[in-house]
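Single-structure report; data block below.
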Amino acid sequence: MEWQHAVDYCFKTRRKWQGLELKQPGINTRHFTEYYGATSLCEEINRKTLKGFVDYLMDQYEYEDATLNRKLSAVCTVLTHAVDEEELDMNVPRRPHFKEYAGRPYYFKKEDIETICTQTHKTGLPELIRFAALTGARRAECLKVAVRDIDLDNNLIYIGGRPEFNTKTGDWRTVPIHDKLLPMLQSRCDGVPKDVTIFGDQWCGGHSVLHYFKKAVRDSGLETHLVFHCLRHSFATWAIEDGVPVRVLMDLMGHKKIETTLRYAKVTDNARKDAISSINY
């Protein structure tokens, strides 16, 4: 059963939710839809999926504990209702309380990225995947980057706006262009009008990105709780492992709270090995 079908069924048949599509239950379920994808299967939702959803909410919105728990509760309510009504056959994962999870956000290894890129046959998806993984940009931010936001002279990408094209919140930031992205960006900007988006015109919307990315992950044999937003987590994790200071990473990621960035600073096995190797004795 697809996630969106389960949501629609819940609003239609669960008495307490009827007519609340535009109220809090609707808002909470839409957040999971934008993370997981409307066409993704309910049967593949597990505890790791829910923990990944927490990572997404903390990174994207920097929510407080109570809000995180309400979002998780809405997801489990949809699944439980479908199971109770015998529309869905699965074991609903136990809802993690936010404070139970203090681990590092889920991320891809660098070799996983290349595996996914070779598995997909969707035109333009490998370039979008690499762009997200090497800039830390969110899915919506990737799709909004236009030719005018690529400053090839200064080797910078403007994300979320520019000084002369500012957003309402003024939350734009710059990320240096990685060498691996430069040829692709040069090709996509050459002779193209400034207001044309680098990736956005190839996609019907953000949900199609989630759909094809999920398929590529599944075809690669990777765990299905890994979603597009994990590319952003990967960027942050790789940066920390390579010694990027937390304050610099906070700026690159566009976080408002340093506590959000510090979640990536939990040491990995490789970091432990490097630390011991660096001790002269």
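Taking the stated definitions as given, is Ser187 of a type in the set (Gly, Ala, Ser), part of a helix (DSSP H, G or I) and exposed (fewer than 14 other Cβ atoms within 10 Å of the Cβ)?
Here the answer is yes, as Ser187 does meet what is asked.
Could you tell me whether the range 99-121 includes any residue that is within 21 Å of Gly205 (Cβ to Cβ), over 19 Å from the mean Cα position of the chain (by Cα) and either surrounded by fewer than 19 Cβ atoms within 10 Å (Cβ to Cβ) or small (Gly, Ala, Ser) (or both)?
Among the residues of the range 99-121, at least one is within 21 Å of Gly205 (Cβ to Cβ), over 19 Å from the mean Cα position of the chain (by Cα) and either surrounded by fewer than 19 Cβ atoms within 10 Å (Cβ to Cβ) or small (Gly, Ala, Ser) (or both), which makes the answer yes.
State whether one or more residues within the range 219-233 are surrounded by 14 or more Cβ atoms within 10 Å (Cβ to Cβ), among the small types (Gly, Ala, Ser), assigned to a helix (DSSP H, G or I) and touching a helix residue (DSSP H, G or I) at 6+ places or on another chain (Cβ under 6 Å).
Scanning the range 219-233 turns up no residue that is surrounded by 14 or more Cβ atoms within 10 Å (Cβ to Cβ), among the small types (Gly, Ala, Ser), assigned to a helix (DSSP H, G or I) and touching a helix residue (DSSP H, G or I) at 6+ places or on another chain (Cβ under 6 Å).
Could you tell me whether any residue of the range 51-62 is surrounded by fewer than 19 Cβ atoms within 10 Å (Cβ to Cβ), among the acidic types (Asp, Glu), modelled with pLDDT under 95 and at negative phi?
no
Go through the range 26-50 residue by residue and tally those that are more than 20 Å from Asn69 (Cβ to Cβ) and surrounded by fewer than 21 Cβ atoms within 10 Å (Cβ to Cβ).
Matching residues across the range 26-50 total 5.
Here's a check for you: in the range 140-161, which residue that is charged (D, E, K, R) and more than 20 Å from Met250 (Cβ to Cβ) is farthest from the chain's Cα centre (by Cα)?
This residue is Asp153.
Residue-wise test of (1) touching a Pro at 6+ places or on another chain (Cβ under 8 Å); (2) basic (Lys, Arg); (3) in contact (Cβ under 8 Å) with a residue 24 or more places away in the chain.
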{"position": "Thr120", "(1), (2), (3)": "yes, no, yes"}
{"position": "Arg148", "(1), (2), (3)": "no, yes, yes"}
{"position": "Asp179", "(1), (2), (3)": "no, no, no"}
{"position": "Leu185", "(1), (2), (3)": "no, no, yes"}
{"position": "Ile198", "(1), (2), (3)": "no, no, yes"}
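Which of the residues spanning the range 1-25 are surrounded by 15 or more Cβ atoms within 10 Å (Cβ to Cβ), within 15 Å of Arg70 (Cβ to Cβ) and within 24 Å of the chain's Cα centre (by Cα)?
Pro25
Looking at the range 86-118, which of its residues are part of a helix (DSSP H, G or I) and at pLDDT 90 or above?
So in the range 86-118, the residues part of a helix (DSSP H, G or I) come out as 98-100, 110-118.
Passing the criteria: Lys110, Glu111, Asp112, Ile113, Glu114, Thr115, Ile116, Cys117, Thr118.
The values are calculated or read from the model by the stated rules, or taken from the named source; none is laboratory data. It should be emphasised that the depicted structure is a prediction, and the values quoted were computed from it without experimental measurement. Cβ coordinates were reconstructed from backbone atoms using ideal geometry, including for glycine residues, and neighbour counts include every protein chain displayed.
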